[in-house]
There are 4 protein chains.
Amino acid sequence: MIEVALFGAGRIGKIHAANLAAQPGVQFKYVVDVNQEAAAALAGLHGGSSATVEAALADPAIKAVVIASSTDTHADLILRSAAAGKAIFCEKPVDLTIDRARACAAAVKEAKVLCMLGFQRRYDPTFHAVKTRIEAGEIGTPELLVVTSRDPGPPPVSYIKVSGGIFKDMLIHDFDIFRWILDDEAVSVHATGSCLVDPAIGEAGDLDTAVVTIRTAKGRLCQINASRRAAYGYDQRFEVLGSAGMLQAGNHKPTEVTAYGSVNVSVDKPEDFFLERYRVAYAQEMAHFFDALTHGTPLRTTVHDGLKALELAEAATLSWREQRVVTV
Amino acid sequence: MIEVALFGAGRIGKIHAANLAAQPGVQFKYVVDVNQEAAAALAGLHGGSSATVEAALADPAIKAVVIASSTDTHADLILRSAAAGKAIFCEKPVDLTIDRARACAAAVKEAKVLCMLGFQRRYDPTFHAVKTRIEAGEIGTPELLVVTSRDPGPPPVSYIKVSGGIFKDMLIHDFDIFRWILDDEAVSVHATGSCLVDPAIGEAGDLDTAVVTIRTAKGRLCQINASRRAAYGYDQRFEVLGSAGMLQAGNHKPTEVTAYGSVNVSVDKPEDFFLERYRVAYAQEMAHFFDALTHGTPLRTTVHDGLKALELAEAATLSWREQRVVTV
Amino acid sequence: MIEVALFGAGRIGKIHAANLAAQPGVQFKYVVDVNQEAAAALAGLHGGSSATVEAALADPAIKAVVIASSTDTHADLILRSAAAGKAIFCEKPVDLTIDRARACAAAVKEAKVLCMLGFQRRYDPTFHAVKTRIEAGEIGTPELLVVTSRDPGPPPVSYIKVSGGIFKDMLIHDFDIFRWILDDEAVSVHATGSCLVDPAIGEAGDLDTAVVTIRTAKGRLCQINASRRAAYGYDQRFEVLGSAGMLQAGNHKPTEVTAYGSVNVSVDKPEDFFLERYRVAYAQEMAHFFDALTHGTPLRTTVHDGLKALELAEAATLSWREQRVVTV
Amino acid sequence: MIEVALFGAGRIGKIHAANLAAQPGVQFKYVVDVNQEAAAALAGLHGGSSATVEAALADPAIKAVVIASSTDTHADLILRSAAAGKAIFCEKPVDLTIDRARACAAAVKEAKVLCMLGFQRRYDPTFHAVKTRIEAGEIGTPELLVVTSRDPGPPPVSYIKVSGGIFKDMLIHDFDIFRWILDDEAVSVHATGSCLVDPAIGEAGDLDTAVVTIRTAKGRLCQINASRRAAYGYDQRFEVLGSAGMLQAGNHKPTEVTAYGSVNVSVDKPEDFFLERYRVAYAQEMAHFFDALTHGTPLRTTVHDGLKALELAEAATLSWREQRVVTV
């Protein structure tokens, strides 16, 4: 049994806790959270106990840690866990600054520990099937990627202020999808946007509606459109045009009911938000982590991927601020 | 913790075992199977042990049993479990003969034990949403139900011979859907069919393609079409026409990928077979069973439902054999 | 130029008039209707003139007639047109009685005139594509046909009374689809139904909701479900299960708009009623008629097809009335 | 009857000729083409005759002209037709240079003649329904428009060379859709692209894959993605995100057949190319032209719209060439 400590007992921490508990060959041992009550409650639900960071990292039986605490703690926990020789699963982003993210990448490399980044979308069955089918040659050479990324509603402005901005907080996932699907690196980035949802977001120095264009080394093109509000729920799609066809990754729905009424014919809206939409993805990424730990299968999402996505987010922010095309 | 014994370590037994193990407040204790090796292996996977029927039923700590053994053992196990005062979850059908099914219903009633029948389709999210929306009045009064029920391929003829025939073995589920969705009882049944898939099925005295028409006390109508073979997989749909609209329950798909190629635009086939299609339904029916056991919530599928479905299967068989409309 | 006379200036007559006017090589000459004002108005719209039956049939320049008058006049006009040596296009049904329909078939045969029956559904692009793909072997051997046939609302009871009943008036089209798609003849018919839409229809001795099961000489099966009311419009679908796959013919929609709202995701309802749904089919059947007349291409829908569909309607009526399976 | 002359007997001229011939109250009189044989053939098909530009414009009975000749002749024919006092329907674009397009707009204004530009997409039933529903407030305030515009395959390089480039030749339609749907004007344009389909297009100084981002005065955003090649046919879609929902305009298909096979479930590809996709749009724009001419209903697409779309095409070309954001 691989014994594991979880950092963070919040919304995403709970998801990981359940997946850890259901993981064959894994023993869910500690939960660490500044809110010790929350930590104890979550631990109790799945047969573990509350602990401090120090205690968890000092326990030699702990072979792996899952970092699901607030963004500003990620880098510190990565550095300490790497130093303690633990295998690391860390939620995105590595950090909001490139320098600290690079330091993490270096520390992980030096410590020779496994470090997987939680870009869970790469483990979504629909997204993963598209990737697999592209690699199998179904659409020839990929040429153009269109990514749609819309949240059901904006987070509180207090969160916006510490989020790093829409490009680092929200589009970071889309930048990773771009790199993964087009299998190429950006050479230029153009971004612009508006505050159309809530003026307070603008006053906080951020955007709530953003569009990005990326051109790659091979001349491939990517357009991302993102909004903090979709009245119809969580909208996560992309499509890839290739020389021999196109693949679309669509939204998942709660049921397959179709209703014929006197006004129209309707189906379910997409799954509500990321916890529902990526429920299977969260389970599969955790399985993937322990697979890599146990059998040495290569990681699909590394700290390097986190770093590259962060660089794109920085470039997009700069492009928007200076109203110009940014060369990467 | 409610301690539970499972009878049957085969295909469906394994599904139930995993759902029992994941059930909060439930302790998965014994697996009973004529194949003791299989029983021990399955028990080990989820922290239980192999046992005999006698031992399992004699253990006073066992509060509930899950019967997932072969059909010919169901009635006997129900009778013995009821006599032992255990709560019973039993896979469909109760039995292949109405007399024995009635005896089970009587025994359960006398023993005053909970007895839930595993008509898992009523717990499928899509099917259940249709039921809920009908009850909410979305389509007015239900008038006409069309059920499509097709397996990916026929079972071995050796199984066909002991199956009770296509109406008892396969359409038993559809007869239950009919009663549940139209919320009414049959007054007449017409059935006919053919052997179009495999002549050996006909030689065994059975059909592989069957169609049934049912008329209810309120004059509502139901048509069922069933086949032992659908080249495109497992096809489980129904639609209900009401005075104010229609609701369709469609198939579930593995992913939401759409492919645009030079020949056509395609999506995934339906989920392969019942274990995949009803994966969520199996989990939800088990949660429902323990919910009923713990909180006294009324059972959605009882031994009475099993009996009524069996009566319809008998009527359909008679209608087909005698080529006439059978009054129920 | 082929000069043509049209009998009937009503709803369907207007459709045929426009298609005749647009037909290359055809001169639209006379309109005949008991309502002479309507006849003159329709004729004027497309450059023809009003005439009597006698005058139209006596004009040797008239090579073809289109019979779109009320059902009770069809047989008489067929007999007189055949006697006058005109090529005949006649709306369905030939007649409401089999005897008179047979007499028409015989007269047409003796006069050696072309006589096409207006089963327009065989000319619908979607339905025709299914037929073509079945013939190309795409789904192997057809085994099971499910036909859905629902009107948006019932006609006036005054019409119901002279309609010949739901089987002859409405399902006659579905009986023709059955013969065409399964490419086989019925050996047994079972029909039942209810009055769920309007009790006045029942008082007039008819049904408003009907289901039919047909078994063919080759053991193929067909189920038809029909209703005089679908709150969501005109619903005309069928699906064919074959040994190697399935083909579905779906409804047509006015537009391809998809709306994502806070409640659901919706698309257009099907086209309103038969004039919209079969607009292209009506144009294509007229082109087919003149193609047959000019180039001798074989007719896709003959008076024989009308006769066979009528026989099935009679069998279904008998089955319903006597609550038994009828052998054809 | 309004007598009409048609300039151009090519592919698009033929479409307009058939629509003119079917137009009630319109007499199709002359066809003018440098290829007199083609002109005579097309005229003969619909009851008109071949003529020279001079003769057609000198005929006082001619009230309207339809300009469907090659792009380089548009401006000259507009100027001459306006001078002759004819109502003008002109295919897009007005001209490839803004100066000449402006001269046309001025001439039309001075001559006080009706001048409609053939942006046929605004007359497509699906696109028009989206516009109408936005105006009815269904999605609140429009915020974000994503336009997909892909041809089945590139035109010959000889055509590319005189086309004005991908932005003026192909995206001109999308720029018009942008202005129409977002009901706002551009303030900045960013465009980039690649040659991924055919290097010869690049050698001719053009792109075959292009992406454009537009920001409007009200802060609304538009992304256009375009390719000269889609292996699956002609792809013409857009979606509009608003504050209260989203509307998508999808492709049209030849039939509504769904096929379930052993590999996947498939439907038809989109309509082949613009002549099929916009068949109804071409008919409706011609009806709209004569409606405006006869009843004075305001034009939906004017020479001003042509000019504005051309300005956006110029801005996009500049943005791509100079790799910068262009302020409009």
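Roughly how crowded by other chains is peptide C:262-275, in terms of the mean Cβ count from those chains within 10 Å of each of its Cβ atoms?
5
Ordered by residue, what ³J(HN,Hα) values in Hz, to whole numbers, does the range D:93-108 give under the Karplus form 6.51 cos²θ - 1.76 cosθ + 1.60, where θ = phi - 60° and Gly and Pro are x?
So the Karplus estimates, Gly and Pro as x, are x, 4, 6, 8, 10, 5, 4, 5, 4, 5, 4, 4, 4, 5, 4, 5 Hz.
Nearest 10 degrees is fine. How inclined is helix B:125-135 to the longest principal axis of chain B, computing both from alpha carbons?
70
Can you pull the percent of the protein assembly as shown's accessible area that's carbon plus sulfur, 1.4 Å probe, other chains left in place?
Carbon with sulfur: 53 percent of the solvent-accessible area.
What average number of partner chain Cβ atoms lie no more than 10 Å from the Cβ of the residues making up A:126-137?
2
Can you tell me the FRET efficiency between residue C:217 and residue C:41 if r is taken as the Cβ-Cβ distance and R0 is 51 Å, rounded to the nearest 0.05?
After rounding, the FRET efficiency stands at 0.55.
Could you tell me, in Å, what Rg and Dmax come out for the Cα atoms of the range D:142-295?
Taking only Cα atoms of the range D:142-295, I get Rg and Dmax of 17.6, 57 Å.
Applying 1/(1 + (r/R0)^6) with R0 = 25 Å to the Cβ-Cβ distance of residue D:244 and residue D:187, what FRET efficiency is obtained, to the nearest 0.05?
0.50
Can you sort A:275, A:117 by solvent-accessible area, 1.4 Å probe, largest first?
Result, largest first: A:275, A:117.
Which lysines, if any, have their Cα less than 21 Å from the Cα of residue C:112, not counting same-chain residues under 8 positions apart?
Partners found: C:63, C:86, C:92, C:308.
For the range C:37-150, place one equal point scatterer on every Cα, skip the solvent, and apply the Debye formula. What is log10 of I(q)/I(0) at q = 0.11, 0.13 Å⁻¹?
-0.52, -0.68
Tilt of helix A:303-322 relative to the longest C-alpha principal axis of chain A, in degrees (0 to 90, nearest 10)?
Compared with the principal axis, the helix lies near 40 degrees.
Would you list which aspartates and glutamates come within 12 Å of residue A:269, measuring only between C-alpha atoms, while excluding same-chain residues fewer than 8 positions from it?
Leaving aside aspartates and glutamates fewer than 8 places away in the same chain, those within reach of residue A:269 are A:235, A:256.
Chains C and D: buried accessible surface, both sides, probe 1.4 Å, rounded to 100 Å²?
1700
Can you report the principal axis dimensions of the protein assembly as shown using only the alpha carbons, biggest first, rounded to whole angstrom?
Extents along the principal axes: 99, 83, 44 Å.
Taking the alpha-carbon set of chain C, what are its Rg and Dmax in Å?
Radius of gyration, then largest Cα-Cα span, for chain C: 20.2, 66 Å.
Under 13 Å from the Cβ of residue A:80, count the other residues' Cβ atoms, weight Lys and Arg +1, Asp and Glu -1, and hand me the total.
-1
Going by amide H atoms built from the backbone, whose H comes under 5 Å of the H on residue D:188, apart from near neighbours?
Sorted by chain and number, the residues that satisfy this are D:215, D:328.
After finding the eigenvalues of the alpha carbon gyration tensor for the range A:246-328, what semi-axes result from the square roots of 5 times each, listed largest first in whole Å?
Semi-axes from the Cα gyration tensor: 34, 27, 10 Å.
Could you work out how far apart the two model spin labels at residue A:54 and residue C:263 are, taking each label as a point 7 Å from the Cα in the direction of the beta carbon, and quote it in nm?
5.9
Among the listed pairs A:131/A:218; C:14/C:168; A:168/D:218, which are separated by more than 20 Å between their Cα atoms?
Going by Cα-Cα distance, C:14/C:168; A:168/D:218 fall outside the 20 Å limit.
Taking N as the number of residues in the range D:115-188, what is its Cα Rg relative to 2.2 N^0.38 Å?
Rg over 2.2 N^0.38 Å, computed on Cα atoms: 1.30.
Would you tell me the mean number of C-beta atoms belonging to other protein chains that fall within 10 Å of each C-beta in B:229-238, as a whole number?
Rounded to a whole number, the mean comes out at 4.
Need the full-extension length gain, residue B:203 to residue B:112, defined as separation in residues times 0.36 nm minus the C-alpha distance. One decimal, nm.
My answer for the length gained is 28.4 nm.
To the nearest 10 degrees, how steeply does helix C:11-22 sit against the main Cα axis of chain C, on a 0 to 90 scale?
Helix C:11-22 and the main axis of chain C meet at about 60 degrees.
For all pairs of alpha-carbon atoms in the range A:190-241, what percent lies in each bin of width 10 Å, listed from the first bin to the last filled one?
For the range A:190-241, the pair-distance distribution reads 22, 42, 28, 9.
Per residue, how much accessible surface does the range B:2-113 expose to a 1.4 Å probe? Answer in Å², no decimals.
43
The values are calculated or read from the model by the stated rules, or taken from the named source; none is laboratory data. Here the structure is a predicted model, which is why all the values come from computation and not from measurement. Neighbour counts run over all protein chains shown; Cβ positions are idealised from the backbone, glycine included. Ligands, DNA and RNA are stripped out before the accessible areas are found, and what is left, the full protein with its side chains, is counted by its heavy atoms. Shrake-Rupley method; radii C 1.70, N 1.55, O 1.52, S 1.80 Å.
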